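What follows is one structure encoded as C-alpha cells, with my remarks underneath.
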Amino acid sequence: MKRRPATMILLGILAAAMACALAACGGGSSSSSSRSAESKSAAEATEFAFFSVVVPEGYTANIEQHTVSANPGGSFYVSVQNTTADELLEIELKDEDYKEGDPITAGNFTWKVATSEKWEQTYYITDWEDGSIEVSVKRLDDQEIIKAFLGSLTPYEDAYKKWQDEK
C-alpha cells in the first residue's frame with residue numbers, strides 16, 4: 001500500500017513535467033497556435049510601395065518593377081490607373097487582339113477581364129478609390145494561382161498617389 005502513493009506522486013510529477021514541456025514547445029494551447037498561424041500568413045504577404053500581395057510559392061517578387069514572376073516567363077504586373085475600371089477595359093478592348101472575358105470575383109473585388117491569346121496576356125481590372133487597379137498576367141494559365149494572387153492583393157490608401165510618386 002505504501003508503494004501506491006509514491007507511484008501516484010511520481011506520475012503526477014511526470015505529468016506536470018510533460019505539460020510544462022508541451023507548453024514550452026507551443027503545443028497544447030490554441031491561442032499560441034492561432035498566433036503562429038496569423039504570423040505565418042502575415043509573413044507571406046510581400047509589401048510593395050502601393051500594395052501588398054501573397055507571392056505564390058515558386059514565384060519571385062521584384063519590388064522595384066511591381067512584378068511577380070516564375071519560370072518559364074510567366075508573370076504578374078500590378079499598376080494603378082486614374083480611370084475607372086470600365087474606361088480602362090474599354091481602352092484595352094480597342095486593341096483587336098483582346099477580347100472581353102467573364103468577370104471573376106477574388107478577394108474583395110470583382111475583376112473585369114480582357115484576354116489576348118496572341119500576346120498570351122490577360123488584364124484583370126477593378127475599381128479602387130478614384131481610379132482602378134490593373135493586373136497584367138502574362139503566360140500563366142493556372143486559374144487557382146491567378147485567383148489566389150488577385151484575392152490576396154491589398155492596395156494601400158492613396159495607391160494612385162504612391163504609384164505616381166514612384167515614377
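Things to note:
- Sorted by Cβ neighbour density within 10 Å, fewest at the top, the residues Lys94, Lys162: Lys94, Lys162
- In order along segment 61-78, the Karplus-derived 3J(HN,Hα) couplings, from 6.51 cos²θ - 1.76 cosθ + 1.60 at θ = phi - 60°, round to 8, 10, 4, 5, 9, 6, 10, 10, 9, 8, 7, x, x, x, 7, 10, 10, 10 Hz, and Gly and Pro are given as x.
- Where the alpha-carbon atoms of segment 48-166 are placed on the principal axes, they occupy 34, 33, 24 Å, in descending order.
Where a number appears in this text, it was derived from the coordinates with a stated rule and is not lab data. Just so it is clear, the structure is predicted and the values come from calculations on it, not from any experiment. Backbone-built Cβ (ideal geometry, glycine too); neighbour counts: all protein chains shown.
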